[in-house]
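Asker: Quick one: the structure is below, questions incoming.
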C-alpha cells in the first residue's frame, strides 16, 4: 500500500479497493474526513483518466491563476520558454520594482514543473536571481509565462507500461555557461 | 463562519481563562474565502479563524515548524506505478486538518471577533493549533 500525504490531502493506492476502504474507515474513527473517491483533482493538479486507463495530469487552472496574478491574461503565446542565445547575467539593468511579485511568480513556476517538465531549465535560471531580481530577469519570467500561454492545455501523460525500467541520462556541456564558466550538467532519470 | 466556530468548539480547541499576569495574548481574525472547483466554477464559501502568527516569538511561543509534504517527483513515480498496474487510487481530504494537533506550548489568544462570550476580559488558552500559527502545519 502506498499513501502520499500532503498536509491534509491524502492519496491512497493499493492492489485492491477493499484494502483502501479498510484504511479509510480506520482513519475515519480518528478524523473527520471526506472520501473524494477516484483521484481527479489534488494539489491544484487535474487528473483525468483516459478510457484505456492512462492518466493525464494538467495544471490549467493553476496557470490561469498565475496569469491573473501577474496581469498576463492576454499574453501573446511564444513557442519556447527561453531565447536560445540568452545570457542571463547577474547585473545589467535596473532592479525590478516588485521583488515579492517576482518571488511569488517564480515560486509558482517551480510548482508547475510537475506537469510541464520542459520549463525546468528556464525556471531554474530565473530562480537564481530571487534575492535581487532585475528588469531583464523579469523579462525572462514573462517569456516563460508567454510560453505557458501557448501550452496551457498541455500536461503530462502517464502511460501504462508492462515492464517498468529505470533509465538514466547524463549530459555535461562544457564551457557554455557564460556567467559562471561552470559546466552546466544535466542528469535525468526516467521510469518507463 | 458558525460551522467553523462549532468545529473549533467541538474540537476543544481552547478553554476560556483569565489572562495570567505578564502573558501577552495574540490576536485573531476571520478570513473569508470562496472555494472553486477544478473547472473554476463556484463551490462554496469558507470561513477560517486565523491567529496572527506573526506576533509569535521563536523559542517562546513556538519552536518547530515542519510539515509533512510529498516531493513532486514521488507523486509522478507513484502515479506511474499506479497506472502501469491498474491500481485503484483514492483521494481523501481531512476536514479541519490543522485542528488535530495538540499544542505543546502555552499560548493565549483573544476571543474570535463577533463571537465573544459574555465576559469580554477572558482569553482563550489554546489546546490545539489553529490556522496562522507558526507551528500549525507540524502539529
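Every number here is computed from the coordinates shown, using simple stated rules; none is lab data. Note that this is a predicted model, so its numbers are computed, not measured. Note: ideal-geometry Cβ built from the backbone for every residue, glycine included; neighbour counts use all protein chains shown.
Asker: For a footprinting-style exposure proxy, rank A:97, A:58 by other Cβ within 10 Å, fewest first. Walk me through the numbers on the way to the answer.
Answerer: Numbers: A:97 10, A:58 21.
Lowest count first: A:97, A:58.
Asker: For region A:58-146, just run the numbers: alpha carbon Rg, then divide by 2.2 N^0.38 Å, N being how many residues it has.
Answerer: 1.01
Asker: Residue A:27 to residue A:49: extension gain in nm, 0.36 nm per residue of separation minus the Cα-Cα distance? Numbers along the way, then the final one.
Answerer: On the way: separation 22, 0.36 × 22 = 7.92 nm, distance 2.66 nm.
Once the chain is fully extended between residue A:27 and residue A:49, it gains 5.3 nm.
Asker: Using a Förster distance of 22 angstrom, determine the FRET efficiency expected from the C-beta separation of residue B:41 and residue A:68, and round it to 0.05.
Answerer: Working: r = 16 Å, r/R0 = 0.74.
Efficiency computed from Cβ-Cβ geometry: 0.85.
Asker: Shifting gears a bit: Using a Förster distance of 22 angstrom, determine the FRET efficiency expected from the C-beta separation of residue B:93 and residue A:157, and round it to 0.05. Let's see the in-between values first.
Answerer: Working: r = 26 Å, r/R0 = 1.16.
Step by step, r from the Cβ atoms, then E = 0.30.
Asker: Under the definition of Cα pairs under 8 Å and six or more residues apart, what whole-number percent is the relative contact order of region A:1-158?
Answerer: Values: 167 pairs, mean separation 41.7, N = 158.
Relative contact order, region A:1-158: 26 percent.
Asker: Suppose R0 equals 30 Å. What FRET efficiency, 1/(1 + (r/R0)^6) with r the Cβ-Cβ distance, do residue A:135 and residue B:73 give to the nearest 0.05? The partial results should precede the final answer.
Answerer: Numbers: r = 33 Å, r/R0 = 1.10.
The calculated FRET efficiency here is 0.35.
Asker: Within a 10 angstrom radius of the beta carbon, how do B:16, A:109, A:101 rank from fewest other beta carbons to most?
Answerer: Details: B:16 12, A:109 24, A:101 16.
Arranged by neighbour count, lowest to highest, B:16, A:109, A:101 become B:16, A:101, A:109.
Asker: Now, a different point. Could you give the distance between the Cα centres of region A:107-177 and region A:1-38, to the whole Å?
Answerer: 32 Å
Asker: Kindly put B:122, A:148 in sequence by how many other C-beta atoms sit within 10 Å of each C-beta, fewest to most.
Answerer: Values: B:122 16, A:148 24.
So the ranking, lowest neighbour count to highest, is B:122, A:148.
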